[in-house]
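Read the structure below first, then the notes.
The values are calculated or read from the model by the stated rules, or taken from the named source; none is laboratory data. Note that the structure is predicted; figures quoted are calculated from it, not measured. As a convention, Cβ positions derive from the backbone with ideal geometry for all residues, glycine included, and neighbour counts pool all protein chains shown.
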Amino acid sequence: MKQVSLKLINVSKVFKDFKGNEVRAVDNVSFDVQPGEFVTLLGPSGCGKTTTLRMIAGFEKPTDGMILINNVNVVEIPPWKRDTAMVFQSYGLFPHMNVAENIAYGLKMRKVPPSDIEKKVKNILKVVGLEGYGDRPPSSLSGGQQQRVALARALVVEPSVLLFDEPLSNLDVLLREQMRIEIKRIQKEVGITAIYVTHDRTEALTLSDKIVLMKGGKIEQIGSPEEIYEKPVSKFAAEFMGKINFFPVEIVERLEDRTVIKLNGQVYTIPSLPTSKSEKYVLGCRPEGLKIASKGPVKGVIKTIVYLGNFSEYYIDTEFGEVMVKVLPPFDTTLSEGKEVHIDIVPEIAKIIQE
Ligand code: ATP
């Protein structure tokens, strides 16, 4: 498989809405994708991720900026000459062709000799775990199997960049989890550069080497899943990556690699560093970064306990609003709804977040 890099430089896209007003769908977006890297464009509905993907594919032309595939600007190159392939949410299989014919279609268009086509189709069916399914009509396959065929059809033409547009949204939860692992395995096995659009943070966390988190057409943060989850640059980034509790924080002292803070009068030293000296900050604690204790700076009353088998969620009313604490077994049976408790933080994983 070809190993190619992709680079977006100051890419913007302005649409006109039905009233003729300008909509800046993508606003000055720049990011790099290394050869073989799996990059996810993540963000809420309307943040511009699909438009960004469509510009990479060539279905939309940027209003401004450059898109480089292996250092060649492709913005003037039509989609079919761009060496990208897209896997869609709706599979897009031809119903009148069997699985093998569906997969072979792109190769036929490229005038690949029939004997090579047969070999390549057989090979790719093995890669996606559908050996022996070549003669079946797509309608006889499950959603997950159809999505695999769509993936095989995209992979078989050996594109430089594989693009995914929310490919798992139509699948049920179990199948989605299974396909997530499959996609990752296949992408790594084939070594292809991949861009994946989703609004599902779990998908982004499990699949990506790098996440590009978008908001309102702009990039909010770029980083590895760990970086964005553990060091969010903003409240938006922190909340988008998972449940988090915020507390007012006083910064007592900034040391070289840690910060001394005060929460409701109690002093802690935490590893997180504020990004600049003049901004306003909050303390961010994920549910796993809090504990219910006999002493602690935040007092509250247990409102609801949700038992989830391998952990429980405790929803606690406090002076700072509702706080959610994740508790692992063995569960303390004396903690019941209505009970007054204290909450303490786990300083090692607490974060200072720009408000
Ligand atoms: P979703 O997850 O809902 O698909 P998204 O993050 O992919 O959202 P886009 O589809 O890229 O977002 O849309 C970004 C913005 O651009 C939205 O405000 C959308 O309404 C607008 N937009 C997208 N395509 C067009 C178009 N062809 N004409 C006008 N406006 C458009």
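Taken over region 21-49, the residue count meeting the criterion of being surrounded by fewer than 24 Cβ atoms within 10 Å (Cβ to Cβ) and over 20 Å from residue 73 (Cα atoms) is 10. Tallying residues that are of a type in the set (Gly, Ala, Ser) and out of contact with any Gly (no Cβ under 9 Å at 6 or more places or on another chain) within region 11-30 yields 1. One residue stands out among those in region 106-124 that are in contact (Cβ under 8 Å) with a residue 40 or more places away in the chain and crowded, with 17+ Cβ neighbours inside 10 Å: the one that is farthest from residue 169 (Cα to Cα), which is 107.
Being in contact with a Ser or Thr (Cβ under 6 Å, 6 or more places away or on another chain) and either polar (S, T, N, Q) or at pLDDT 90 or above (or both) is a property that holds for residue 196.
Of the strands (runs of 3 or more DSSP E) lying entirely inside region 245-312, those containing at least 1 residues that are farther than 20 Å from residue 340 by Cα and in contact with a Ser or Thr (Cβ under 8 Å, 6 or more places away or on another chain) span 250-254, 259-263, 266-270.
Checking each residue in region 26-58 for being within 13 Å of the ligand (Cβ to nearest atom) and in contact with a helix residue (DSSP H, G or I) (Cβ under 8 Å, 6 or more places away or on another chain) picks out 26, 29, 40, 41, 42, 43, 44, 57. For the residues 181, 219, 211, the requirement of being modelled with pLDDT under 95, outside any loop (DSSP other than H, G, I, E, B) and either closer than 27 Å to residue 299 by Cα or out of contact with any Asp or Glu (no Cβ under 8 Å at 6 or more places or on another chain) (or both) singles out 181. Can you find a residue in region 307-314 that is more than 26 Å from residue 230 (Cα to Cα) and not assigned by the TED database to the domain that holds residue 220? Looking through region 307-314, none of the residues is more than 26 Å from residue 230 (Cα to Cα) and not assigned by the TED database to the domain that holds residue 220. When the test is whether a residue is in the same structural domain as residue 142 (by the TED database), surrounded by 14 or more Cβ atoms within 10 Å (Cβ to Cβ), among the basic types (Lys, Arg) and away from the ligand (no atom under 16 Å from the Cβ), residue 82 passes it. Within region 94-103, one or more residues are closer than 26 Å to residue 35 by Cα and buried (at least 16 other Cβ atoms within 10 Å of the Cβ). Evaluation of residue 173 against the conditions (1) surrounded by fewer than 19 Cβ atoms within 10 Å (Cβ to Cβ); (2) in contact with a strand residue (DSSP E or B) (Cβ under 6 Å, 6 or more places away or on another chain) shows that the sole unmet condition is (2).
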